Every structure is written in structure tokens, then in C-alpha cells.
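Structure, as C-alpha cells:
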Amino acid sequence: MKVLRRSIYVKLHLTVSSCFTLAILFHLRRRVNLKTVMELICKLEILADAAKYDASCASSGSHRKRSKHGIGNTEGIGICHSYTPDGRCISLLKLLLTNVCIWDCAYCINRKSSSVNRARFTPEEVVKLTMDFYKRNYIEGLFLSSGIIQSSDYTMEQLIAVAKKLREEENFGGYIHLKAAPGASPELLLEAGKYADRLSANIEMPVQEDLDKLAPEKTLMTIENTMADVKSGIDAAKDLTKKNGDAPKFARAGQSTQIVVGATESSDTTILHKAESLYRKFDLRRVYYSAFTPIENTNPLLSKLPTPLMREHRLYEADWLIRHYGFTASEITHGAKAENLDLEKDPKLSWALRHRDYFPIDVNRASARQLLRVPGLGARNAARILKIRHYHQIKLEDLAKLRVRMANAKWFVITADYNPNVYQLDAEKLEERLKPKAIQPSLFDSFTNTALSGEL
Amino acid sequence: MIQISIENNFTSWRGAARRCLQSEIAPDEILWICDGRNGLFESNLAEETDEQIFKVPLDFLPLAETVVCFDAAERWSLLYGLLFRIVHENKNLLHIESDDDVRRARLMEKAVYRDVHKFHAFVRFRRIEIDGKEIFVAWHEPHHHTVMRSAPFFARRFGAMRFSIFTPKGCAHWNLENLTFSEGVVSDVVAPLRDATEDFWLVYYRSIFNPFRLKINAMKKELPVRHWRTLPEAVLIPALIRQAKELKSKKRR
């Protein structure tokens, strides 16, 4: 009986428009107002669905103690409370306040001319959902975005109202990420930063030509001005902290942005250079990359093919090299065979194969910077190697025990013992050998190439 | 071979380890027993003193405190072996992360950290009322002995809510002022309770899923299947995967 009930429950949950059936379920179970519950569930369905194209779900980098009678804190390390079958983490309740939008950006599902169902939450509804979810330990906090209604300023005011209610009325100490509407006035951004841990203005396209074609209402300049305003808020709070030892909090977890990949012709080279300049100019914490998937009634100007998820994955790897491994965007892209990153090899390996004169690296002598350039050797292991070699000569087996990815690393290093692989460094065949082994396609699996789907 | 019986906690092991070290007993001569009975020592061991006779590097303590939470009998002997080698062989042993013992200890440490992290992530409270008082209850199945390590996080975060977390390895209770612990319970006592908010959570879970980006292995890596039975949303996973696959084959045609 219990099993049966469970399966009915799952079915009810999964029927395409399950709002109604679910609401009845609620009504039977608890005597609540059917109409209210039904409305709320439908809104949640529409506005969570609309929010899922924002890749960010980070909740790290902010510290806030719980206030005496409040609920919630942040302790620096974000927590992923769940994962959906797309492999993405659920850390925040990610919602749009409304998916109504006056803009018509071709790549966006919520654009004015799109035929999606529209809905709008009241601030009270978002606040209640956030608190209800948070108290059950489903989430770290709220990521609230919105379509542009009336104007950027009006939209920003609506978002701020929710965050303010959470902080001041509910004494909520969890994480809040607010979308910074491009072009919102500096005063509003400053107010948003008071309540939010993170602000983000999405750039979406790497060059103005793409925006001109696809998002005529948007300009890179407006978006970057918004980023600059946020940055000055963050800097001012930092300066005050330095001077007085303390200052009102302002977007402690910094700002981030997102670039849609593959909707236009813009190459990975263009995208990475743009990302690098954004990191430099605005001290962004993260740039997110989102592989474009054409959906029903997609604008004809856009790519008809879905972007391989592997392309997105390679961009994240390259981005990581820029932020943590001392690479520059031009190093990663210069000399490569194509304008896009190699889908078969990770960008560090590709770079190493193009710069074999840089190797071999002697792991017992090399600097941290050099170690970080070895394919298959990560930052944590580089730090370990630097420590170990004070006391102990590093051999090949030490690297294997540290779980360095030997298949890649062994061609590029000199160790205290004999490493025959390193003599192959200049061999033309090396590139062939480092290709991922062709996967024997199974009968059931013939279309899904794991490497290209990005399932790693 | 001598048998040393200790309680399942760090202090008990440390006391015994100090005395063994003072008596210069080699690691392979000790059989560590931790079966829930009180600590008993062989009488020919040195008495425990307060004097700090052995200098142990600073990073050994946090490592040992973490490794004792690992759910495997070998942890006691591994730690004593490390301690013995640090004192007699090389005081810098812990820096040599490619050493087999150090590596095993570090892997156990990592597993415990991960278990604590997943504890913080996967506890799901249900709100119930007892005598008109609101209380939040949860059932969780940790892999290691991580209840005492994980519970303070919930007290810091949800200090204004009464809660109880039940697990087979111990239970934690917060009464708005103090955190107390009790013996573990065998079965999921929270299962029959209902909380209407869970339905909203399930609606959210399936709506935020993007069926065009199915990555089953990536999900399973972070959300191991053994945790599914304690997570309300996991009941949707098989059906969501099926729907995503249908969508894909429909598109191909």
C-alpha cells in the first residue's frame, strides 16, 4: 500500500501540468485554501523553470553570524544540498520574481516575444518560500533574479524589497544573491549590496556585435557600468573596514557574471579574452559559461544546434587555469589549431603539447609556477610536492600515490628515479597517444559519446 | 601481543596511546579493541601522567581527532603506528604525504570531512508540532561517526528552532539552549511524519532540473545513491531521467 501510494505520488508529481492534481493532494491532506496553494505551485513551477538558465548556484565566500532571534548564517563554505540529474548543485532557491520582460533578447527564453507562460511572485511569497525551505535545510539561501518590468530601476527596487524583508523582518542570516539589473541606478545597487552577499549582472554576449544582433536593448557599456558601480561599493566597504576595523557589509561574496556560449559565432578565444578582462577590471569572483540549447521557437538568428556540453566544460577548465594556475588567455588560445578549445584534450595538455620546449620539469627542483604547468598535476598536489621534497626525493611512485594523473603527467616530468616516458616528449606520436581512447559504442549507447556530452 | 580496550572516542585512545608509548610498545604488539565496554588496560603498562613527555607535531592532533571518526577498526592501530613512527623515526613524517601510512590517514581524514559535509547538506528537517510546540526532526544515515562533529553547525544556524536529528550512529537534540546527544536509533523514526513544505520542495526540484543537460554520473558522484532513501526529492530522480531520455530520442526523430 505504501509503495503504491509512493508511485502515485511520483506520477502526480511528474505529469506535465501537475499543478492541479498536486493541489488536490494538498487539499485532501490538509485543509488549506486550494486556490492559494494551486496558484503558488504553478508560480513556483514557472518561475523556477525560468530561473534555471542562470548557471550560478554558489553560496561561498560570505561570513555572517546568526542574529540572536534570527534564522540562518553563512560560514564561508557553501553547501550543495542536493543535485539534479543534470549534475548541477542545488545550493540556493533560484527564482525569478517574474518572467515578464520588456526586453526581447533573442537567446533568452523569457524574452518579450516568447510564448512561455508568465507569472509573478509577490515579495511575501518569495520570503515565505525561502524561510520554509531554509528551515528544513533544503537550501543555503535565495538567488533572486527577474525579467525587466517597467524599467531597470523599478525591477531593482522589487528585488531589493524581497531582500530587505528577509533581512529586516525575518532576521534571515542566510545567503542572498541578487541580480543587478543592467543600468540600474548606483543608489539602488548600493542598497542591494547592503542586503545581498553577491550581486551579478550578466553580460551574456562577449562582444557588442552579438548584442546588437540579439539583444538590441542591451549594451556592453551599460552592463559594465553596472559592474563598475558594484565594484566601487565593494571597494568602499573594504576601505572602511581597513580604516575602522569594521564596516557595514556589502556584497561580501563579490560579483559574478555569465556568458552564453555557442548561440553566436563568437569563438572561445574571444570569450576567454573577454572573461579575462572582466576579471581584471571588476575583480569578478566568477564568470559562468552557459552552453546554448535551442528550444522551441528559437530565434532564427541563433545557432540551430545545441552547443556541446564539452565546450562549456573546456571553457571552465581554461577559466580555472587563468584564475588559479597563472595562465593568461592568450597563452591558452595562442598557437592552437582552431579558434575554439580542443574538445578532446584539456587546455593545459593542449598548451603543453604546443610548448614541449618548456619541459621536462624536474619535480624535485621546479618552482611552484612550473609545477602548475605540468598536465595532470593540480594545485593541491603541487603544494604537496613542494613540502615532501624537503624530506624525501620524489619518485614516479610518489606521484602515483598522490594520485597525479600519470597518463598525462609522465611524459613531462623528471623524477629521482628513471622515467623512460620522458624520452617520448619530442616524439610526433605523443599527441596521438594522448588522445582519449575511442569508446566502444554499445548498442544502447550509440549516440551518447560520454566525452562530448561532458559527463566526466 | 597485548590487548587494549578503549572507548570509542579520541580521549580514551589518546590516554591509552600515551601509556603504550611510555612503555615503548611497538605498534604490531598491540591489539586495539573498541567494543563498547569501558576501557581496560593491561596492568604492566606505565601509569598515565600529566607530563608532556612526547613532542608531537601540531598537525598530528587535528588529524588524529578526525581519523578516530572513521568507521573502521584499523583506525586505532593506524594512528598509533603513525604516532610511534613520528616519535621514533621521523618527526616530519606527516609532511611526506606519499608515505603509505600518512596517505591512508589523510584519505580517512578526507572521508570524514566529506561525511560531515554531506551531513550538513543532506539532513532534511520535517516540521511537526508536539503539544503546540514547533519542533524540527530529521533522519540521516552518516557513514562515519560524525554526529558530534556535525551537530554544532545546526545549532549555530538554526539556534532559534528546536530540533532533533536521529541517526543510527547517535542522535543530536537542540532545546534552544543546549545541544545534547543520545544513543543511535535503528530505524527511520521520521519516515511516517509529513510536512507539506516537502511538496513545494519537490516541485522546485523537478522544475530547476534541465532535461537537456542530463549528466547522471556527475549527479551520482555528488549525490551517492546510498543517500537517496533519506532524501525526499530523490524519489523523483528515476522518472526525471526517463523523461529526459524520452525527450532526447523524440528530438532525434
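Bear in mind these aren't lab numbers, they're just calculated from the coordinates by the rules spelled out. In this text the structure is predicted, and so the values were computed from the model without any measurement. Note: ideal-geometry Cβ built from the backbone for every residue, glycine included; neighbour counts use all protein chains shown.
Of the residues A:Leu166, A:Leu305, A:Leu144, B:Leu107, the one with the fewest other Cβ atoms within 10 Å heads the list, and the complete ranking is A:Leu305, B:Leu107, A:Leu166, A:Leu144.
Going by alpha carbons, how many degrees (0 to 90, nearest 10) lie between the helix axis of A:2-14 and the longest principal axis of chain A? Helix A:2-14 sits roughly 90 degrees off the main axis of chain A.
Here are some pairs, A:Lys65/B:Lys118; A:Lys165/A:Lys242; A:Lys52/A:Lys281; which of them have Cα atoms lying more than 24 Å apart in this structure? Each step should come with its number before you reach the end.
Values: A:Lys65/B:Lys118 22 Å; A:Lys165/A:Lys242 29 Å; A:Lys52/A:Lys281 28 Å.
Pairs exceeding 24 Å: A:Lys165/A:Lys242; A:Lys52/A:Lys281.
Taking a straight line from the alpha carbon of A:Lys345, these aspartates and glutamates sit under 14 Å away, with near neighbours fewer than eight places off in the same chain left out: A:Glu312, A:Glu317, A:Glu431, A:Glu432.
Calculated on C-alpha atoms, the gyration radius of chain A divided by its Kirkwood radius gives an Rg/Rh of 1.01. The P(r) of region A:138-199 has a tail past 12 Å containing 63 percent of all C-alpha pairs.
Across peptide B:96-104, the average count of Cβ atoms from other chains found within 10 Å of a residue's Cβ is 5. Partner aspartates and glutamates whose Cα lies under 12 Å from the Cα of B:Lys220, excluding those fewer than 8 positions away in the same chain, are identified as A:Asp86, A:Glu455.
Principal semi-axes of the equivalent ellipsoid, √(5λ) from the alpha carbon gyration tensor of chain B, are 43, 25, 14 Å from largest down.
Net charge around A:Ala50, counting only other residues with Cβ within less than 13 Å of its Cβ (Lys, Arg = +1; Asp, Glu = -1)? Taking every Cβ under 13 Å from that of A:Ala50, the sum is +4.
Computed from Cα positions, the angle between helix B:75-88 and the longest principal axis of chain B comes to roughly 40 degrees. The GluC sites (Glu not before Pro) of region A:357-443 that meet both conditions, a loop assignment by DSSP and at most 10 other Cβ atoms within 10 Å of the site Cβ, are A:Glu428. Shielding of peptide B:190-201 by partners, expressed as the average count of other chain Cβ atoms within 10 Å per residue Cβ, is 5.
Report note on the peptides A:146-154, A:251-259, A:282-290: ranked by the mean count of other C-beta atoms within 10 Å, highest first, their order is A:251-259, A:282-290, A:146-154. For region A:186-191, putting each phi into the Karplus relation 6.51 cos²θ - 1.76 cosθ + 1.60 with θ = phi - 60° gives couplings of x, 4, 5, 4, 5, 5 Hz, in residue order, rounded to whole numbers and with x for Gly and Pro. As a rough footprinting exposure proxy, the listed residues B:Thr180, A:Thr293, A:Thr264 were ranked by other beta carbons within 10 Å of their own, and the order from fewest upward is B:Thr180, A:Thr293, A:Thr264.
For A:Lys94, the residues 5 or more places off, or on other chains, whose built amide H falls under 5 Å of its own are A:Phe143. Cross-link partners for A:Lys395 among the lysines, with Cα-Cα distance under 18 Å and sequence neighbours closer than 8 places in the same chain left out: A:Lys387, A:Lys410. For region A:62-75, the Karplus equation 6.51 cos²θ - 1.76 cosθ + 1.60, evaluated at θ = phi - 60°, returns couplings of 10, 10, 8, 7, 5, 7, 3, 9, x, 10, x, 8, 10, 10 Hz by residue, with Gly and Pro reported as x.
In terms of surrounding Cβ atoms within a 10 Å radius of their Cβ, A:Ser59, B:Ser77, B:Ser23 rank from fewest to most as B:Ser23, B:Ser77, A:Ser59.
Can you pick out the pairs among A:Lys128/A:Lys164; A:Lys135/B:Lys133; A:Lys213/B:Lys248; A:Lys218/A:Lys274 whose Cα atoms lie more than 19 Å from each other? Kindly include the intermediate steps, with their values, before the conclusion.
Numbers: A:Lys128/A:Lys164 13 Å; A:Lys135/B:Lys133 15 Å; A:Lys213/B:Lys248 30 Å; A:Lys218/A:Lys274 17 Å.
Beyond 19 Å between Cα atoms: A:Lys213/B:Lys248.
Binning the alpha carbon pair distances of region A:346-425 at 5 angstrom intervals from zero yields the distribution 3, 16, 32, 29, 15, 4, 1, expressed in whole percent. A helix-only calculation puts the protein assembly as shown at -12500 deg cm²/dmol for mean residue ellipticity at 222 nm, using -39500 (n - 2.57) for each DSSP H run of at least four residues, averaged over all residues. Across peptide B:157-167, the average count of Cβ atoms from other chains found within 10 Å of a residue's Cβ is 4. For chain A, the share of DSSP beta bridges that are antiparallel, to the nearest 5, is 15%. Altogether, the Stokes-Einstein calculation at 25 °C and 0.890 mPa s, with the Kirkwood radius of region A:117-263 over Cα pairs as Rh, returns a diffusion coefficient of 152 µm²/s.
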